[in-house]
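Accompanying notes for the structure given below.
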Amino acid sequence: MKLWHSIFIVTFVFLYGTLSLVLLGSWILDTARALRDTSQKSSQRLARARAVIGATVLATAAVGILITHGSLIF
């Protein structure tokens, strides 16, 4: 039972991490496009993209830590 539990956790973290990296990549591309623009709109989009990237990285790290900690308890 412990092996199946560990496999499930590793698979979940892998899938969640992959999805986060895909989203992060799309936001990085949008940010690169925003850097080309010199208007005020581009700086607002850049700030929003930075906030979303930061939130995604923090959420991924937090979920990974919580899942790892939970698997060690059980």
| task | Could you tell me which residue of the stretch 20-43 is modelled with the lowest pLDDT, considering only residues that are open to solvent by 90 Å² or more (accessible area, probe 1.4 Å), more than 13 Å from residue 53 (Cα to Cα) and not basic (Lys, Arg)? | result | 38
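Looking only at the stretch 1-19, count every residue that is of a type in the set (Lys, Arg) and either outside any helix (DSSP H, G or I) or at pLDDT 80 or above (or both) and tell me the total. Working first, answer last.
Going through the stretch 1-19, the residues of a type in the set (Lys, Arg) turn out to be 2.
Checking which are either outside any helix (DSSP H, G or I) or at pLDDT 80 or above (or both) leaves us with none.
Result for the stretch 1-19: 0.
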| query | If you go through the stretch 6-19, how many residues are open to solvent by less than 70 Å² (accessible area, probe 1.4 Å) and either touching a residue at least 12 places away in the same chain (Cβ under 8 Å) or touching a strand residue (DSSP E or B) at 6+ places or on another chain (Cβ under 7 Å) (or both)? | reply | 4
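The values are calculated or read from the model by the stated rules, or taken from the named source; none is laboratory data. Every value quoted in this text rests on a predicted model; they were computed, and no experiment measured them. Counting neighbours? That spans all protein chains shown, and the Cβs are built from the backbone with ideal geometry, glycine included. Areas reflect the complete protein model, heavy atoms only, side chains present, ligands, DNA and RNA absent. Shrake-Rupley method; radii C 1.70, N 1.55, O 1.52, S 1.80 Å.
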